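I have placed the structure first, in the form of structure tokens, so that the comments after it can refer back to it.
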Amino acid sequence: VRPDDARGYARRVLVNLSVDRWRRRGPESVELTEFAASGSAEAGVDDRDEIVRLLRTLSPHQRRVIVLRYFDDLTEPEVARTLGVSVGTVKSACSRGLACCVSN
């Protein structure tokens, strides 16, 4: 692994391990820590619970794209490279995933 590709390689390894684990055992609960930096602790818990509930309604592919894009703050090309898909696939998965979450 070249030094400039190490971060992407590591992310890809983690994504593959997560997918393998999910396939073997089914979906696991997502722990989102420190989501609500402002507001009360109860509001943070409520927000976190709502996000986890909404993420569970998405397909595994949409969930991976949304988490990498918005929680890991990767650009669309970085997400595409990490998942081994095209940028257009990332854009459509984001759009559909967010639309699904908004409609719920």
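Structural remarks
- Checked against the criterion of being in contact with a Lys or Arg (Cβ under 9 Å, 6 or more places away or on another chain), surrounded by 14 or more Cβ atoms within 10 Å (Cβ to Cβ), part of a helix (DSSP H, G or I) and at pLDDT below 80, the candidates Val15, Val19 yield just one match: Val19.
- Every pair of residues 6+ apart whose Cβ atoms lie under 9 Å, when the first sits in the stretch 11-32 and is under 17 Å from Asp72 (Cα atoms) while the second is surrounded by fewer than 13 Cβ atoms within 10 Å (Cβ to Cβ) and modelled with pLDDT under 80: Ser18/Glu28
- Within the stretch 45-59, the residues that satisfy the criterion of being open to solvent by less than 40 Å² (accessible area, probe 1.4 Å) and in a helix (DSSP H, G or I) are Ile51, Val52, Leu54, Leu55.
- Screening Thr57, Thr82 for residues that are at pLDDT 90 or above, out of contact with any Phe, Trp or Tyr (no Cβ under 6 Å at 6 or more places or on another chain) and of a type in the set (Val, Ile, Thr) leaves exactly one candidate, Thr82.
- Close Cβ contacts (under 8 Å, 6 or more residues apart or on different chains) running from residues in the stretch 63-91 that are acidic (Asp, Glu) to residues that are at pLDDT 90 or above and open to solvent by 20 Å² or more (accessible area, probe 1.4 Å) comprise Glu76/Val87; Glu76/Lys91.
- Selection within the stretch 67-91: residues that are part of a helix (DSSP H, G or I) and charged (D, E, K, R). The member of this set that is nearest to Arg53 (Cα to Cα) is Arg69.
- The stretch 22-44, subset touching a helix residue (DSSP H, G or I) at 6+ places or on another chain (Cβ under 8 Å) and surrounded by 12 or more Cβ atoms within 10 Å (Cβ to Cβ), residue modelled with the highest pLDDT: Trp22
The values are calculated or read from the model by the stated rules, or taken from the named source; none is laboratory data. Note that the coordinates shown come from a computational prediction; the quantities given were computed from them, not determined experimentally. Note that each Cβ is placed from the backbone with ideal geometry, even for glycine, and that neighbours are counted across all protein chains shown. Heads up: the accessible areas ignore ligands, DNA and RNA and are worked out on the full protein's heavy atoms, side chains in. Shrake-Rupley method; radii C 1.70, N 1.55, O 1.52, S 1.80 Å.
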